[in-house]
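Working notes, beginning with the structure itself.
The values are calculated or read from the model by the stated rules, or taken from the named source; none is laboratory data. Please read these numbers as outputs of a predicted model, since none were measured by experiment. In this analysis, Cβ positions are derived from the backbone assuming ideal geometry, glycine residues included, and neighbour counts consider all displayed protein chains. SASA here: full protein model, heavy atoms, side chains in, ligands and nucleic acids out. Shrake-Rupley method; radii C 1.70, N 1.55, O 1.52, S 1.80 Å.
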Protein chains: 2
Amino acid sequence: MPALIRTAQQLCRRGIATLGPKAPLGKQVLKEETTPALLEQLGFFHKTQSGLFHMLPLGMRTIGKLEGIIHAQLQANNDGELVALSSLSTRALWEATGRWANTELFKLKDSRKNEFCLVATCEEDITALLAQSITSYKDMPALVYQIGRKYRDELRPRSGLLRAREFVMMDAYSFAQDDAAAAKMFQDVNDTFAEVFHELKVPVVRAWADSGDIGGDQSIEYHLPLATGESTILTCDHGSCGHVATNEKAVSFPRQEAQAQGDVAVKYALSEDHATLVCFYYPDSRQLNWNLAKSAMEGDLDSALRERTNEQVLAQFQQENEDMMFSKIIRVMDCRIHSRSNFPDFPLRSYLKNNFGQIDGVSLVTAEDGEVCGVCNEGTLHAAKSIEVAHTFNLDTKYTKPLDVRYTDKNNSSVDNYVKMGCYGIGVTRVIASVAELLRDQHGLRWPAAIAPYRIAVVSNNRGENSNFDTVVKQLKTIPHLSTDIMSRQFPPSMSMGAQISLSHASGIPVTVIVGSRSWPRVEVEVRGRHWTHEGQPEPRWKQQYASLREKYNWDATTSKDAPFHEKHTVAHEHLPELLDILLADM
Amino acid sequence: MPALIRTAQQLCRRGIATLGPKAPLGKQVLKEETTPALLEQLGFFHKTQSGLFHMLPLGMRTIGKLEGIIHAQLQANNDGELVALSSLSTRALWEATGRWANTELFKLKDSRKNEFCLVATCEEDITALLAQSITSYKDMPALVYQIGRKYRDELRPRSGLLRAREFVMMDAYSFAQDDAAAAKMFQDVNDTFAEVFHELKVPVVRAWADSGDIGGDQSIEYHLPLATGESTILTCDHGSCGHVATNEKAVSFPRQEAQAQGDVAVKYALSEDHATLVCFYYPDSRQLNWNLAKSAMEGDLDSALRERTNEQVLAQFQQENEDMMFSKIIRVMDCRIHSRSNFPDFPLRSYLKNNFGQIDGVSLVTAEDGEVCGVCNEGTLHAAKSIEVAHTFNLDTKYTKPLDVRYTDKNNSSVDNYVKMGCYGIGVTRVIASVAELLRDQHGLRWPAAIAPYRIAVVSNNRGENSNFDTVVKQLKTIPHLSTDIMSRQFPPSMSMGAQISLSHASGIPVTVIVGSRSWPRVEVEVRGRHWTHEGQPEPRWKQQYASLREKYNWDATTSKDAPFHEKHTVAHEHLPELLDILLADM
């Protein structure tokens, strides 16, 4: 018996979704539960330990759809080559790039005492792998990527999949022969990322970012604006600027300089050679931004001492510089402080006045809402809370130098020809968790059609063989682009039609088809998905076609507020496929 | 620009397969290298450490195709629900089932000193997960499965992906309410496994097997016959029997009983209560089979003592049974030994004659080729070397009892209603590695069409834009069931046509389309894939259509021996798609 027919016969024999909910959740639960708790109770994910999750069938489908979009985009636009690197990476490789000391790595030993980590990212491994394939300029540019599990031993896992210890990530790595080619690749992959989020129809913002532990000069983060997010992005409102940056990277200036009359805070640091004591002065009411501090010193700062107390830094400075003849002191003044501000005492007694320097007028503190944009010096910065969902880095030679990956150029030389790398990550499970958080409402989840576990649910109070329900499901299953996207057998057999509808809405299925006995031969379609309107199209697309097709389809539409669904359509069942295409076009 | 058009324009701009070979491998290499080395050199996998591998683009495609077949079969036939469990499982769970002591588990601690293992199989985790979903008889039967990475800290990883420390496995778990439902599920999933291997068109044999560490009563292994395999299967040649079992499970009898005149070996063991000394006597020239020994004692044997020496077992027996009044001695005689055989001395001096028992006429040794089948007692057993690629277990309550997973029955009772489980594994990377080993020849790899990385390669000496090559590739890309299966851009731009053909054949691509300037407007097709003939069809299917379509397609065919390809077809290029369908139908 062909599989499809057998499946149709099994249709109503039993509810197959052992791992889904057995009953709809109560209104209070849908309204009050956190999004991670909703995802758990609706059968998307199951938490096993702090920061560790099993992915259940609905979650698998959602993740699978996002993965499909990423695969298609990277392969079509960037000739991405798909790999899957081992999850176990060796200590030797991570020591070569100085990252083995990272305390968030899960580490283990095999029975022969060899040491491994579970991969957190794969710069080391991919660089070592590509070193064997990229030997000539002809082998570049190239983009290699994978989608798989990554591990990070977070001390405080929280917010469900948003900050987990095992998570799914797409990580891509580019290889180019010079700065121009590397910049083009960086641009191209960032364009692809924008396409991916465009397909999801979620409002993602690009922000210039700090490259942190990964390294490199240029770095862009992708953020979903979300009031409950842990990040802050600052956007300049000046038309010709519009610069967006994370608060770790943003430079701001006060509306008027040197206005702060209050207490001044100081942070001591040392230059890279430890021969200069650097004193950063800034308003006590603000937060020192280490990136800005480092930038004020043109990078000449020992970041290893960043977390040390002022006392520890001073002690180290005095110990390493017994002869004060050769040591210097530099005072760096945030532009917000005033000469009459309340400065702390300077703690050193013996130093040479000639070795004393000062830098003025720089911005050292984390930007705040309402300040002046440090890029255009005109616009006002607006701060918004957000969640980071993707990150791209132009790495230059950070990994290829320590691992000695060079190529032969046209002149057959390989001296100093280090390959230029980029790396690019999309937090797959993080996107799912944050989109769920962004779009959920008091009625439950609400997925964009592109990553909904199913785009369509079909429900009925009679799901027996040869029922009208059976007819509708079979009809939809014959349509290739809809056939695998129909949730019809997942509800337990004894579940009432009302309960099926509630569960479909709560699970965030964009459209629910209701096959009722009274409306037949018409069916009802409740729309829970959000229509995304476009420029020049202030209304959902279906409204443009409503007048001309209404009669032909026997189609009525009403809209509703405050219900789990916001539109209800009734249509002749034979025209259901066309209506579904129209409705899903902008969801 | 739509992605497809852009891709076509990029077609010949550069070779994109950074991770593939840059030149074909020499004849000597193809002939003499081991299969794991071939898979590495042809760009399927890359070994990073003993037993650890990166999967490269060609390997990813091959694995992806096998995964696709498994997904489709399990979902259509068994309503399989797809999950992905965490790779990190807790010590507590594995201690509950007594498996934490396994020395082949990779173990690690997180920063809070919690202990985890990397999952080797997931019986513990799936049982704990389903315990929350399966609470009533209405929730069963159910099949839950995943395809993902598993970990085993093999002391001696070898043969590439055949015995790796990180590997891809499909593991499915079934849940049923009683023995009959569990047996049906076991049968159904085994039927699906047979379908999967049938699609691969490889000769897989089912053998009754020992359930080993996993547990349960019924167990079936799937084997690929292969002279270099590590396993041995024994097949009865009697028409009405045909029993197949692994040599760990097979029972055999000698052609004539009690013929062995040589030395007799003895193995001492203790009953479960340690009050009985069991002495197994068997021909010194043969190997004692512990499963048969245990079966002769009807299971009353302490397997923990299996690896102890005879001296250790005797010492323990005497120590624990100082009063010989209550201890017994049983002698179990393999049917091959003779009362006049050369027996070893009996080592105990003091025992009660009345407590002495004897079991005769059983088979205790590992079956050998040519012996009589122990199931039908008529046929002859034939031994063959093989590789195990899949394994199914009827587990009964082995995991649900210790983890206390019970269901409520129709009478609303849950007393002693332990859920009956089954588990089912297909070694995904193992299948790939063993099929490669089975079908490779002196010209390289040779894939069945179902899991070939690409089913079709298109090569030419002119791959420029608007070339004939371009025309052919575009034509094939418009055909949905072929469009994603064409290898055309993976060869470096400077590679000669002959080198492209060699590389395609060595990589095991079933058909290679050659767009040459001399044959145009006809194209040549070299067939490397193996045609699988069917009952009543002793010839490849294309031969049945050759006469009637020859003229219409302008089609010529010649066959060849000893070449990397065994057939060459020439056809009008506009009929290439039809010819490819005909050729691929039985490959």
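In nanometres, what is the gap between the two model label sites at B:ASP416 and B:SER548, each 7 Å from Cα along Cα-to-Cβ?
Once both label points are built, they end up 6.5 nm from each other.
How charged is the neighbourhood of B:VAL264? Take every other residue with its Cβ under 9 Å from the Cβ of B:VAL264, and add Lys/Arg as +1 and Asp/Glu as -1.
Residues close to B:VAL264 contribute a combined charge of -3.
Give me a comma-separated list of calculated 3J(HN,Hα) values for segment A:89-104, in order, Karplus coefficients 6.51, -1.76, 1.60 applied at θ = phi - 60°, integers in Hz, x for any Gly or Pro.
Result, rounded to whole Hz: 10, 8, 4, 4, 5, 6, 6, 4, 9, x, 10, 5, 5, 3, 7, 8.
To the nearest 10 square angstrom, how much accessible area does B:HIS575 have with a 1.4 angstrom probe?
Here the accessible area works out near 30 Å².
Relative to the other copies, what are the label-point distances for B:GLY212, with labels 7 Å from Cα along the C-beta vector, expressed in nm at one decimal and sorted shortest first?
4.2
Using Cα pairs closer than 8 Å and at least 6 residues apart in sequence, work out the relative contact order for segment A:259-359, in percent.
The normalised contact order for segment A:259-359 reaches 39 percent.
Just order A:89-100, B:133-144 by mean Cβ neighbour count inside 10 Å, highest at the front, would you?
The densest-packed peptide leads the list: B:133-144, A:89-100.
With the dipole of chain B worked out from charges on the C-beta (+1 for Lys and Arg, -1 for Asp and Glu) around the Cα centre, which of B:LEU38, B:TYR424, B:GLY148 lies farthest toward the positive end?
The Cα lying farthest towards the positive end belongs to B:LEU38.
Calculate the dipole size of segment B:494-587 relative to its Cα centre from +1 charges on Lys and Arg beta carbons and -1 charges on Asp and Glu beta carbons; express the result in debye to the nearest 20. List each step's numbers first, then the result.
Working: 10 positive and 12 negative charges, 39 e Å.
Charge dipole of segment B:494-587: 180 debye, to the nearest 20.
Share of segment B:252-366's accessible area from carbon and sulfur, percent, 1.4 Å? Before the final figure, lay out each step's value.
Numbers: 2700 of 6350 Å².
The nonpolar share, carbon plus sulfur, comes to 43 percent.
Rounded to the nearest 100 Å², what is the buried accessible area between A and B, both sides summed, probe 1.4 Å?
On the way: alone 27760 and 27760 Å², together 50040 Å².
In total, chains A and B hide about 5500 Å² from solvent.
Please report the antiparallel percentage of DSSP beta bridges with both residues in segment A:259-359, rounded to the nearest 5. Walk me through the numbers before you get to the answer.
On the way: 7 of 19 bridges.
Antiparallel: roughly 35 percent of the beta bridges in segment A:259-359.
May I ask you to order B:123-132, A:18-27, A:312-321 by the average number of other C-beta atoms within 10 Å around their residues, highest value first?
Per-residue mean Cβ counts within 10 Å order the peptides as B:123-132, A:18-27, A:312-321.
Are there GluC sites (Glu not before Pro) in segment B:524-578 that DSSP puts in a loop and that have at most 12 other Cβ atoms within 10 Å, and which ones?
B:GLU535
A:THR558 accessible area, nearest 10 Å², 1.4 Å probe?
My reading of the accessible area for A:THR558 is about 80 Å².
Enter the accessible area of B:ILE69 (Å², nearest 10), with the probe set to 1.4 Å and all protein chains included.
Rounded to the nearest 10, that gives 20 Å².
Dipole magnitude of segment A:259-359 about its Cα centre, charges +1 at Lys/Arg Cβ and -1 at Asp/Glu Cβ only, in debye to the nearest 20?
440 debye
In whole percent, how big is the carbon plus sulfur part of the accessible area of segment A:91-225, probe 1.4 Å, protein atoms only?
Carbon-and-sulfur percentage of accessible area, whole number: 48.
Run the simple label-point estimate for A:GLU32 and B:SER494 please: 7 Å along Cα→C-beta, distance reported in nm.
Here the modelled spin labels are 7.2 nm apart.
Are there GluC sites (Glu not before Pro) in segment B:189-255 that DSSP puts in a loop and that have at most 10 other Cβ atoms within 10 Å, and which ones?
Hits after loop and neighbour filter: nothing returned.
What are the ³J(HN,Hα) couplings of segment B:242-252, residue after residue, when phi is run through the Karplus curve with 6.51, -1.76, 1.60 and θ = phi - 60°? Round to Hz, x for glycine and proline.
Couplings: x, 4, 10, 8, 6, 6, 7, 10, 4, 10, 9 Hz.
Scan around A:VAL389 for amide H atoms under 5 Å from its own, H built in the peptide plane at 1.01 Å from N, and keep only partners 5 or more places away or cross-chain.
A:TYR222, A:HIS223, A:LEU224
Top to bottom by accessible area (1.4 Å), largest first, where do A:SER240, B:SER159 land? Please report the intermediate quantities before stating the final value.
Numbers: A:SER240 105, B:SER159 60 Å².
In descending accessible area the options line up as A:SER240, B:SER159.
Using a 1.4 Å probe on the protein chains only, how many percent of the accessible area of segment B:438-561 belongs to carbon and sulfur? Present the calculation step by step, with values, prior to reporting the outcome.
Working: 2560 of 5480 Å².
Using a 1.4 Å probe with all protein chains present, segment B:438-561 comes out at 47 percent carbon and sulfur.
How many angstrom lie between the C-alpha centres of segment A:109-153 and segment B:418-466?
First find each Cα centre; the distance between them is then 24 Å.
What is the mean number of Cβ atoms from other protein chains located within 10 Å of the Cβ atom of each residue in peptide A:145-157, rounded to a whole number? List each step's numbers first, then the result.
Details: counts 0, 3, 0, 3, 6, 0, 3, 0, 5, 2, 3, 0, 0.
Shielding by partners across A:145-157 averages 2.
Determine the calculated [θ] at 222 nm for the protein assembly as shown from helices alone, applying -39500 (n - 2.57) to every DSSP H run no shorter than 4 residues and normalising by the residue count; nearest 500 deg cm²/dmol. Please report the intermediate quantities before stating the final value.
Values: 30 runs with 311 residues, N = 1174.
Result for the protein assembly as shown, helices only: -8000 deg cm²/dmol.
Do any trypsin sites (Lys or Arg not before Pro) in segment B:407-481 lie in a DSSP loop with no more than 10 other beta carbon atoms within 10 Å, and if so, which?
Taking segment B:407-481 and a limit of 10 other Cβ atoms within 10 Å, the loop trypsin sites (Lys or Arg not before Pro) found are B:LYS410.
From other protein chains only, count the Cβ atoms within 10 Å of every residue's Cβ in A:487-495, then give the mean.
Partner Cβ neighbours, averaged per residue: 1.
Please tell me the relative contact order of chain B in percent, rounded to the nearest whole number, where contacts are Cα pairs under 8 Å and at least six residues apart.
Details: 1161 pairs, mean separation 98.7, N = 587.
For chain B, the relative contact order is 17 percent.
Extending each Cα 7 Å along its Cβ direction at B:ALA72 and B:GLU539, get the distance between those two points in nm, one decimal.
Spacing of the two 7 Å Cα→Cβ label points: 2.9 nm.
In peptide B:53-59, what is the residue-averaged number of other protein chain Cβ atoms found within 10 Å of each Cβ?
Averaged over the peptide's residues, the number is 5.
Residues with amide H under 5 Å of B:LYS328's amide H, sequence separation 5 or more or different chain, H placed in the peptide plane at 1.01 Å from N; which?
When sequence neighbours closer than 5 places are left aside, the close amide H contacts are B:THR276, B:LEU277.
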